[in-house]
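**Q** This is the structure I have questions about; it appears just below.
The values are calculated or read from the model by the stated rules, or taken from the named source; none is laboratory data. This one's a predicted model, so the numbers in the text were calculated from it and none came from an experiment. All Cβ positions, even for glycine, are placed from backbone atoms using ideal geometry, and neighbour counts span all protein chains on display. Note: accessible area is taken over every heavy atom of the protein model, side chains too, but ligands, DNA and RNA are not part of it. Shrake-Rupley method; radii C 1.70, N 1.55, O 1.52, S 1.80 Å.
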Amino acid sequence: MPPPKDVVKIAIQMVGAIPQLIELQQTKPLASVLKDVCDAWSLPNAERYALQYADGRQTYITESNRRDIKNGSILRLTTSPDQEAEQLYMGIQSKNVDVKTDSLKKLASLSQDITFAQEFISRNGLKQIYSIVEEGNDTGEMLAHTLKAFTELMEHDFVSWENLSTVFIKKIVSYVNMNAVDASIQQLSLSILENMVPTSHLLFEVVKKEVTLDRLLTHLQATNAQLQLKAMALLIALLLSATDTERRDMIDYLREKNIRQFIHKNIIHSSEPLGDEMAHYLYVLQSVSLNLCEHRMKMSMDPYSQEQRDLLQSLRQTAFESESEAPAGTFSTERRRSLCAKEFRKLGFMNNSNPAEDLRRAPPGLLALDNMVYFSRNTPNAYSRFVLENSSREDKHECPFARSSIQLTLILCEILHIGEPCSETAQAFYPMFFGQDHFFEELFCICIQLVNKTWKEMRATQEDFDKVMQVVREQITRTLNLKPTSLELFKTRVNALNYSEILKLRQTERLHQEETLAVPVLELREKLKPELLELIRQQRLLHLCEGTLFRKISSRRRQDKLWYCRLSPNHKVLHYGDVEEGVQSPPIESLPEKIPVADMKMLLVGKECPHTKEKSSGKQNKDVLELAFSIVHDVEEYCLNFIAPTRYEFCLWTDGLNVLLGKEMTSERTQTDLDVLLSMELKLRLLDLENISIPDDPPPIPKPPSNLNFCYDFSQAEQ
C-alpha cells in the first residue's frame, strides 16, 4: 500500500460522459492511468488521449508535473498534445477561412502550455506561422491570433529570436509603423519587438533603425492605455540595450521632443490611475536618464585639459568680473597669480593655488564642476550673491561655495542612486523629474542655495561644515520623501524645512526615545507587546485574505503575465491563479489553484528560493533576491514561488505565512509596526503624566501603622 501522500483523490470529466471519481496513485505510470480511465469509458487507443486541468490554464498533465495534482482536483480527458498539435498544424494551413481562424484562435490559447508548444514546434509549426505573417494576406482577427500564438510559443525559449528572418521582422515592424492597423495587432507587434531587442545587438540595431523614436512617441501619445504601455516597454528595452553613446543620443532626442512634459501631464497626472507596469517603466526611464551623469561623476579633473581649466576659470571670472577687468599689463604675473589664488579662496576652494586638486576626487569628479558652471551661467544673480555675500563675512563664518558644491553633488548622487543598475521590480520615481529638463542641475541650483541658507541659520564656521551638510542631506531626503510633483514645490517645501524645524523633529524623536527608556515604561512596553503582536498577526492575515497581484519575472525580461494569490477567510487554504491586466481583486472562486495551509511545510526567502537559484547572479538580481520567497508544500521539492511587487508586500506576506506556519514574524516591518503601536499605546497610557518625571525605581511602600483605630466601624453606626 503506497503512503497517503502518493495517492490523491480526483475527478475526471469527459464531454457526454458521467465523471469518474478515482484515487490516482502517483507511483503508477501515467500511460497506465490513462488506459484505466479510457477502459472505464470504453474508449480505444488510450495513447491518443491526455489529462488536463478542467479549470484555470488547463495545463496538460505529464510525468514531470503530475505531483502538482492536489486532492479534489478536477481533470478532463482530452485529445493528447501531439494529436492536438497535428490537427492545428493542418488547420492553420486550411483554405477555409473559418477553419483557419478557429485553428489559430485555439493555437493561441493552447500555446501557453509547454507540452503542447513542444509538440507544435517539433512539427515545424513556427514555419507556418512565419509564412502567414510574411505573406501578409491575413489581417484583423486572424492576424491577431497568429501574433498571439507566436508570442506564446516563443515565450517557452525553445527557439532563439535570432532565427527570425528579415522579412518576418520587417513585417512586424510595418504593423507598428502603419496607421491603419488594428490597435490589438500593434500592441502584439510592439510586444514582439520588445522581446526581440534584448536578445542580440544585431536585432537591437534592426529594430532601432526600422522603428523610429518619432513613431514610438506617436504610440506613446495614443489614448489607448495598453498601446501606450507597449510603446513605453519597447522604448525602455531600446534604451537598456543601447550603448552609452546611443543612449545619450536617444535621451537628448527625447528631450528635444518634450517627452518629459508629455509624460508629466498626460501619464503621471492622467485621470486614470498609474499601473504598476507603467510606474516601473517611468522609474527605469528616470534611472537611465540620471545615469548619464555617471561618466562625469567618475571622471577626475585633468589639470592639463584646457577645456576643463577654462570652465574652472569661468567660475572665477563670473563671480569677480569687475575686479578682473584691469588691463593685462597693469599687474605682474606674480601679482595676477596671487589675485587669482585669492579669488579662488573666496570661491571656497580648499587648494586655492591649484583649485583643480579639489576636483580630483571621484565621485563626484567633473560632475561637481558641471553643476557649479551651470549654476553660475543659468542663475548668475544667485551665484554672485552667494559668493560675494560669503566674501564679506568673517573668515571663519564664510560658507565655502566650491567645497559645498562638491559635497552636495556627492550627496545628490547618493540620494538619486546615480551609477547604480536599474532594479527589475522598482516603481519608485520622482514625478518632478518629468516636469523639468536638466533636472539634476536644477535640483543642484535649489540645494546649493539651501546650503547657504542653512549655513546662516546654524551660524556655522568652517569646523561645522560636516554638520551643515548632514542637516542639508536630511532636509533634501525628508522633502523628497513627500514626493513633490514639481521642482517649485520641492523648493518651497525644502526651504520651509529650515534648521529650526529639523531641530524640532530631532528633539521630538530624541524625547520620545528618552521617554521610552525609563524602567517603568520599559516594563509597561513588555506587558503590552503580546497584545499588540497579536494585533499585527491579525492584520497580516487580513492582508493575505485580501490578496496581492504578483508578476512573473523571467531571467530574460520583465514579464507582462500576472497572477493573484489570496488566503481563504477561514485561513485554511491559499488560492491562486493567473489573471488578466487590470483585474484588481478577483473573487476567490476565479482562482483555480489551491494549497491547503495544513500541507505547507516551510517558508524560504532570498537565496534559498529555487527560482532565485535558477537565475544568473549579479547586481541586477539583487533586488529580486530581496523580494523572493517560496512556500514549500506537501513534500520538500514542491514550491509555490513568489516575487513580491514591493518590499512592503514582501514583509506582509512572509509575516502572514509565518503566522500560518505557527512561527515568529521576522520581517523588519513587524518591528516598525510594533514600535509605532507601542508608541501610540504608551502615549495614551502616559497622557496624564505629561511633564511629570517618571522615577527609575518605584516609590517605597510605607510601613503599616502601629494601630488601626482610625478605621470607622460601620456596624456600630447602623445600631
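**Q** In square angstrom, what is the accessible area per residue of segment 390-459 with a 1.4 angstrom probe?
**A** Heavy-atom accessible area per residue stands at 35 Å².
**Q** Next question. Please work out the FRET efficiency for the pair residue 568 and residue 74, using the Cβ-Cβ distance as r and a Förster radius of 25 Å; give the result to the nearest 0.05.
**A** 0.90
**Q** Further question on the same structure: Tell me the Kirkwood radius of segment 83-269: reciprocal of the mean inverse pair distance over distinct alpha-carbon atoms, in Å.
**A** 17.4 Å
**Q** Dividing the convex hull volume of the Cα atoms of the chain by its residue count, what figure in Å³ per residue is obtained?
**A** 276 Å³
**Q** Rounded to the nearest 0.05, what FRET efficiency do residue 304 and residue 676 have when you use their Cβ-Cβ distance and R0 = 45 Å?
**A** In this case the efficiency is close to 0.20.
**Q** Once you order the gyration tensor axes a ≥ b ≥ c over the Cα atoms, which shape class does segment 125-233 get: rounded for a/c under 1.5, otherwise prolate or oblate by comparing a/b with b/c?
**A** The shape class here is oblate.
**Q** Still on this structure, I have one more. Give me the percent of the accessible area of the chain that comes from carbon and sulfur atoms, probe 1.4 Å, all protein chains in place.
**A** Summing carbon and sulfur atoms, their accessible area is 51 percent of the total for the chain.
**Q** Oh, and also: Roll a 1.4 Å probe over the protein heavy atoms and report the accessible area of residue 673 in Å², nearest 10.
**A** 30 Å²
**Q** Subtracting the Cα-Cα distance from 0.36 nm times the residue separation, let me have the gained length for residue 255 to residue 668 in nm, one decimal.
**A** 144.6 nm
**Q** Using a cut-off of 26 Å between alpha-carbon atoms, which lysines can reach residue 683, once sequence neighbours fewer than 8 places away in the same chain are excluded?
**A** Correct list for residue 683: 504, 527, 529.
**Q** Packing-wise, with mean Cβ within 10 Å as the measure, how do 62-75, 257-270 rank, highest first?
**A** Ranking the peptides 62-75, 257-270 by packing returns 257-270, 62-75.
**Q** Could you tell me how many cubic angstrom of Cα convex hull volume segment 529-671 has per residue?
**A** It is 111 Å³ per residue.
**Q** If you don't mind, another one. Roughly what % of DSSP beta bridges within the chain run antiparallel, to the nearest 5?
**A** If I count the DSSP bridges inside the chain, around 95 percent turn out antiparallel.
**Q** How many percent of all Cα-Cα pairs in segment 7-79 sit more than 17 Å apart?
**A** 35 percent
**Q** Taking 41 Å as R0, compute the FRET efficiency from the Cβ-Cβ separation of residue 218 and residue 15 and round it to 0.05.
**A** Result of the calculation: an efficiency of 0.30.
**Q** Using every pair of alpha-carbon atoms in segment 358-403, split the distances into 10 Å bins beginning at 0 and state the percent of pairs per bin, rounded to integers.
**A** 26, 44, 30, 1
**Q** Next up: Given a 1.4 angstrom probe, what's the average accessible area per residue across segment 46-110, in square angstrom?
**A** Value for segment 46-110: 50 Å² per residue.
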